Amino acid sequence: METQEFKPRILVFSTDKISDPGIDQAGLRKIHYSPSVYTISIPCSSGIKPRWILHAFEQGFDGVFIAADGTECSYSSKCSEHTNSIIVEAQKIMKERNINTKRIRMAAICSVCAEPFVNHISTFSKILQDLGSIKNEIAEHKAPSLS
Amino acid sequence: MSPLNDDKDSITSSFYLTKQTSFRIAMKQRIGVYICHCGGNISDYVDVEQLSKLIANEDNVVISKDVMFACSDSTQKDMVQDINDQKLDAIVVASCTPKLHTHTFRNVAIRAGLNPYNYTQVNVREQCSWAHSDKPMDATIKAYGLIRAGINRVKYSEALENIEITAQKAVGVIGAGISGMRAAVDLARMGNHVYLIEKEANVGGRVAESGKLFMTGENGKDVIDRLYKRIKEIPEITVFTNANLDKVSGSIGDFTLEVSVKDEALKLNVGAVLVTTGFDFYQPKEGEYGYKLSDNVITLQQFNKLIETSNDKLVYNGNAIKSVAYIYCVGSRQSKGENKYCSRQCCSAAIHSSLNVHEKFSGVKAFHLYRDIRTYGKQELLYTESSRKGDIYIKYEEKEPPAVEVKNNKTVITVKDYLTYKKELSFDVDLVVLVTGMVPRSDSNDISSKLKIPTGSDRFFNEIHPKLKPVETVIKGVYIGGTCQGPKNITESVQSSLAAASKINTILRKGTLELEPIVARVNAETCLWCEKCAAVCEYDAIKPIESNGKMIAQVNTSTCVGCGICGPVCPSNSIEIVQFTDNEIESMIDGFMEKAEINTKQDSQENEISSGKQIKLNGFPKIWREIASALDDKTLTIPQLSEQLGVESNVLTWHLMTMNRYGVVEPAGLDEDEAYYMYKLKK
């Protein structure tokens with residue numbers, strides 16, 4: 001049952017040691033955010049494969065948010081650089097498929113960044129609301145399926 | 001340089017989308033799902049009963065239950081029994097954040113004979129019921145998606161064995177300052193051989209150079225001498241001075257440290273390494289507060305030497321010193337510079353020096369030009385004492401720092417006093433002391449590249465987590481203690497190195513150790529050894545190996561940290577991290593998007609408050625409304641309520657205590673047997 005207001009669905013990739021505790025803290029302190037936000041935790045944002053991002057769009061996610069560790073990453077001092085090139089790569093493919101590249105967004109979320117996380121999500125939601133549902137874009141340009 | 005864009009082989013985007021084909025595993029067929037009420041923390045917002053019924057219809061799900069507390073002993077026992085009776089091959093627990101109970105439920109699996117990695121945790125509390133407590137209906141829909149994702153993921157879960165390796169009961173301690181020396185003593189007492197490796201000719205580092213230390217009044221050199229005497233009495237500690245760490249190879253349990261001592265090259269075999277290399281003092285730049293431009297501007301370290309070596313009178317360059325200005329935060333808290341951090345110990349150190357001056361010489365005036373005084377904890381006593389002695393404190397701000405100039409052979413300070421309407425003060429002093437902060441050692445890059453310890457943006461060595469893993473680095477078997485990690489005073493330095501010592505002992509104690517198998521692996525069929533993975537790996541974990549007549553990548557599972565950086569750069573998608581495979585991640589995404597047919601019965605309950613009692617409990621847990629309606633006009637004990645509501649008595653106790661605090665219920669005396677308190681609604 002689709003309601004009148006379009007609520008964008010956002011997939012969050014977050015890191016299990018740093019961003020996850022930040023997102024958990026938003027819950028702990030009952031700082032509410034959109035319930036159509038789903039989180040997958042991974043060890044490091046440098047390990048996100050562009051195909052996962054594309055898969056999310058194909059499955060109907062309207063946006064992908066990468067909660068990165070930024071300079072706090074305990075694995076690599078070049079983490080932001082690596083993550084950024086993954087986004088660049090994903091955006092290349094998104095362009096090929098006429099998916100608006102604004103549908104992907106990255107920000108550093110630290111282990112106590114509850115408010116920043118919620119703020120980022122609400123800003124991103126607004127952007128996605130303006131862009132409208134991913135279904136319109138995917139439908140306009142029927143791309144060959146993955147795999 | 002971007003690892004992804006740097007492709008000379010003209011890789012098209014479609015390569016990045018190839019599906020990983022090998023590692024086909026049998027999908028799990030008999031899954032048990034447990035959804036936790038968390039005593040109301042989840043079930044007050046998420047309709048867990050309805051969810052467990054819905055989930056029961058999912059493919060491959062054999063058991064789906066909602067439980068009051070998944071982590072309770074009784075539920076754990078039930079799970080073990082279910083796994084055995086129903087021959088479950090995987091379990092999903094939907095409760096709190098994985099940070100809390102992953103090990104609890106892995107152990108449940110182990111007790112039931114199930115591989116612990118065939119269990120998946122789903123976070124429906126922190127990331128669902130609490131985060132969306134404002135929208136119970138939407139929270140229920142989201143929880144359904146989260147649980148579906150967990151089930152999908154666990155279907156692809158593989159039985160993994162921990163990686164077991166033997167451990168050398170020996171430790172290399174790099175740096176024989178107070179942190180390293182003190183840790184060496186404890187490590188040796190716990191039965192490990194310790195190689196204490198010092199670059200300089202003498203042990204003791206910065207503390208041995210210090211005079212009187214604050215709080216205890218002891219001399220730094222005496223403390224070090226005492227500690228060194230003790231070390232020499234312990235045969236398990238071998239001290240190398242004038243020693244240089246040349247090369248490190250191997251991994252946790254079995255490192256080889258190549259050390260040269262003068263002309264001799266040594267190979268030391270150790271199970272773990274503790275890095276206690278310390279810090280450097282910030283060196284003011286020429287002209288910074290007049291440093292090197294005026295002879296009367298010196299650092300706090302130089303000043304301390306002067307106090308030590310002067311007798312009767314404080315004399316510098318032949319001039320008697322009657323007034324001293326201390327300028328704080330030199331090289332620290334630079335909002336636009338490199339050192340953004342506070343160096344923690346300098347406020348106390350400067351005030352302590354000022355007190356030493358007052359104790360040893362009379363008639364020396366002290367001006368403290370500070371930004372904020374941070375004499376935390378017991379060191380506050382130093383500040384109180386200095387204020388009592390008449391020291392003058394002037395607060396400046398970073399954007400308007402004090403100016404130091406030489407005018408008519410006098411050292412003149414001009415500063416805006418921020419606590420007196422920024423009134424500009426100008427006065428001359430005999431000596432200016434720059435209270436310098438701590439910076440990473442100049443050779444810390446060398447150490448970090450040899451041991452592969454990541455550094456933070458402050459260039460100090462980085463721990464895994466500042467609170468939960470404060471002395472561990474992402475390099476298994478390499479620990480950090482003392483000021484190589486960031487500014488600390490002596491007490492804090494020793495605390496951290498002793499913490500690291502006991503952490504090291506816990507891993508080496510058994511002689512063997514187990515590592516989590518969450519590491520990278522390579523698809524031998526598709527790998528073409530293009531070296532891209534090895535180029536981005538910061539842990540040297542990937543090396544080429546010959547396989548079936550071609551070169552492929554091989555992962556060293558004991559050095560691999562499982563970060564996954566290698567995954568996205570592989571043009572043929574031939575490398576992945578176990579538990580984070582394409583199948584697992586993509587099936588989770590599919591699971592989130594499953595449509596749920598959830599009934600909207602919850603909303604109607606909001607209004608059914610009992611029998612005209614006007615208690616507004618809408619914002620409170622559902623169970624409160626049930627308790628309120630059960631109590632009505634009656635007085636009941638906890639066991640009676642428990643029977644009536646079918647809720648465990650410990651859960652009721654917890655809620656009644658909270659309701660009492662919120663003024664919803666009140667105690668109404670003891671029951672007839674004087675065994676239980678009665679409760680009633682507060683009018």
*Go through the residues of the range A:40-48 one by one and say whether even a single one is over 21 Å from B:Val124 (Cα atoms), hydroxyl-bearing (Ser, Thr, Tyr) and not in a helix (DSSP H, G or I).*
no
*Counting residues that are within 19 Å of B:Val48 (Cβ to Cβ) and not assigned by TED's automatic domain parsing to the domain that holds B:Asp47, which helices (runs of 4 or more DSSP H) fully inside the range B:618-683 reach at least 3?*
B:622-631, B:649-661
*Would you call B:Val207 in contact with a strand residue (DSSP E or B) (Cβ under 7 Å, 6 or more places away or on another chain) and modelled with pLDDT of 95 or more?*
no
*With the range B:210-290 as the region, which strands (runs of 3 or more DSSP E) entirely inside it contain at least 2 residues that are within 26 Å of B:Tyr326 (Cβ to Cβ)?*
B:279-281
*Scope the range B:157-169; condition touching a helix residue (DSSP H, G or I) at 6+ places or on another chain (Cβ under 8 Å) and either among the hydroxyl-bearing types (Ser, Thr, Tyr) or not in a loop (DSSP other than H, G, I, E, B) (or both); matching residues*: B:Ser157
*For residues that are more than 30 Å from the chain's Cα centre (by Cα) and hydrophobic (A, V, I, L, M, F, W, C), scanning just the range B:547-565, find the one that is farthest from the other protein chains (Cβ to nearest Cβ).*
B:Met551
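Every residue, every condition in (1) within 18 Å of B:Gly562 (Cα to Cα); (2) more than 16 Å from the chain's Cα centre (by Cα); (3) hydroxyl-bearing (Ser, Thr, Tyr), yes or no:
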{"residue": "A:Gly47", "(1), (2), (3)": "yes, no, no"}
{"residue": "A:Arg51", "(1), (2), (3)": "no, no, no"}
{"residue": "A:Ala56", "(1), (2), (3)": "no, no, no"}
{"residue": "A:Val64", "(1), (2), (3)": "no, no, no"}
{"residue": "A:Ala68", "(1), (2), (3)": "yes, no, no"}
{"residue": "A:Cys73", "(1), (2), (3)": "yes, yes, no"}
{"residue": "A:Ser77", "(1), (2), (3)": "yes, yes, yes"}
{"residue": "A:Ser80", "(1), (2), (3)": "yes, no, yes"}
{"residue": "A:Thr83", "(1), (2), (3)": "yes, no, yes"}
*Just give me the residues in the range B:516-546 being acidic (Asp, Glu), within 36 Å of the chain's Cα centre (by Cα) and over 13 Å from B:Ser574 (Cα atoms), in sequence order.*
B:Glu516, B:Glu538, B:Asp540
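Looking at the range A:37-47, which of its residues are more than 7 Å from chain B (Cβ to nearest Cβ) and either surrounded by fewer than 24 Cβ atoms within 10 Å (Cβ to Cβ) or more than 20 Å from B:Val536 (Cα to Cα) (or both)? Explain how you work it out, then say what you get.
Within the range A:37-47, the subset more than 7 Å from chain B (Cβ to nearest Cβ) is A:37, A:41, A:45.
Scanning the range A:37-47 gives A:Val37, A:Ser41.
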*Report yes if some residue within the range B:473-485 is crowded, with 24+ Cβ neighbours inside 10 Å, assigned to a loop (DSSP other than H, G, I, E, B) and of a type in the set (Gly, Ala, Ser); otherwise report no.*
yes
*Filter result for the condition that a residue is over 30 Å from B:Glu218 (Cα atoms) and modelled with pLDDT of 95 or more, over B:Asn523, B:Asn505, B:Asn583*: B:Asn505
_Any pair with Cβ under 8 angstrom, 6 or more apart, that starts in the range B:104-120 at a residue that is closer than 20 Å to B:Met27 by Cβ and ends at one that is of a type in the set (Ser, Thr, Tyr)_ = B:Ala109/B:Tyr119; B:Tyr117/B:Ser157; B:Asn118/B:Ser157; B:Tyr119/B:Ser157; B:Thr120/B:Ser157
*B:Ala349 versus (1) more than 16 Å from B:Glu380 (Cα to Cα); (2) modelled with pLDDT of 95 or more; (3) not aromatic (Phe, Trp, Tyr): which is the lone unmet condition?*
(1)
*Would you mind stating whether B:Gly318 is among the small types (Gly, Ala, Ser), more than 22 Å from B:Asp417 (Cβ to Cβ) and buried (at least 19 other Cβ atoms within 10 Å of the Cβ)?*
no
*Could you list, in sequence order, all residues of the range B:527-565 that are under 20 Å from A:Ile86 (Cα atoms) and not in a loop (DSSP other than H, G, I, E, B)?*
B:Lys532, B:Cys533, B:Ala534, B:Ala535, B:Val536
_Enumeration of residues in the range A:9-32 that are closer than 20 Å to B:Glu586 by Cβ and at the interface with another protein chain (Cβ under 7 Å from one of its Cβ atoms)_ = A:Leu11
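Tell me which residues, restricted to the range B:499-558, are charged (D, E, K, R), farther than 22 Å from B:Glu161 by Cβ and touching a residue at least 60 places away in the same chain (Cβ under 8 Å).
Once the filter is applied, which keeps residues that are charged (D, E, K, R), farther than 22 Å from B:Glu161 by Cβ and touching a residue at least 60 places away in the same chain (Cβ under 8 Å), the range B:499-558 yields B:Glu525, B:Lys532, B:Glu538, B:Asp540.
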*What number of residues in the range B:419-446 are crowded, with 21+ Cβ neighbours inside 10 Å and closer than 12 Å to B:Arg459 by Cβ?*
4
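Find the residue count for the range A:113-130, including only residues that are surrounded by 17 or more Cβ atoms within 10 Å (Cβ to Cβ) and either under 15 Å from the mean Cα position of the chain (by Cα) or polar (S, T, N, Q) (or both).
Total meeting the criteria: 7.
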*asked:* Tally up the residues in the range A:88-135 that are more than 10 Å from every other protein chain (Cβ to nearest Cβ), of a type in the set (Val, Ile, Thr), assigned to a helix (DSSP H, G or I) and closer than 30 Å to B:Lys467 by Cβ, please.
replied: 2
*Among (1) within 7 Å of chain B (Cβ to nearest Cβ); (2) crowded, with 24+ Cβ neighbours inside 10 Å; (3) farther than 26 Å from B:His465 by Cα, where does A:Pro50 come up short?*
(2)
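Yes/no matrix, rows are residues, columns are (1) in contact with a Lys or Arg (Cβ under 9 Å, 6 or more places away or on another chain); (2) exposed (fewer than 15 other Cβ atoms within 10 Å of the Cβ); (3) in contact (Cβ under 8 Å) with a residue 12 or more places away in the chain; (4) farther than 30 Å from B:Gln301 by Cα:
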| position | (1), (2), (3), (4) |
| --- | --- |
| B:Ala183 | no, no, yes, no |
| B:His193 | yes, no, yes, yes |
| B:Asn242 | yes, yes, yes, no |
| B:Ser260 | no, no, yes, yes |
| B:Lys267 | no, yes, no, yes |
*Pick out the one residue from A:Ser74, A:Ser85 that is more than 19 Å from A:Arg9 (Cα to Cα) and either in a loop (DSSP other than H, G, I, E, B) or in contact (Cβ under 8 Å) with a residue 24 or more places away in the chain (or both).*
A:Ser74
*Do we find a residue being over 24 Å from B:Tyr289 (Cα atoms), in contact with a His (Cβ under 7 Å, 6 or more places away or on another chain), part of a helix (DSSP H, G or I) and not hydroxyl-bearing (Ser, Thr, Tyr) anywhere in the range B:383-400?*
no
_Looking only at the range B:38-79, count every residue that is more than 14 Å from B:Pro136 (Cβ to Cβ) and touching a residue at least 24 places away in the same chain (Cβ under 8 Å) and tell me the total._
20
*Picking from B:Pro568, B:Pro470, B:Pro466, B:Pro544, which residue would you name as being modelled with pLDDT of 95 or more and either more than 14 Å from chain A (Cβ to nearest Cβ) or under 30 Å from B:Tyr282 (Cα atoms) (or both)?*
B:Pro544
*Do we have B:Thr436 as in contact with a helix residue (DSSP H, G or I) (Cβ under 9 Å, 6 or more places away or on another chain), at pLDDT 95 or above and β-branched (Val, Ile, Thr) here?*
yes
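The values are calculated or read from the model by the stated rules, or taken from the named source; none is laboratory data. Since the model is a prediction, treat every value here as computed from it, not as a measurement. Heads up, the Cβs are rebuilt from the backbone with ideal geometry, glycines too, and the neighbour counts pull from every protein chain shown.
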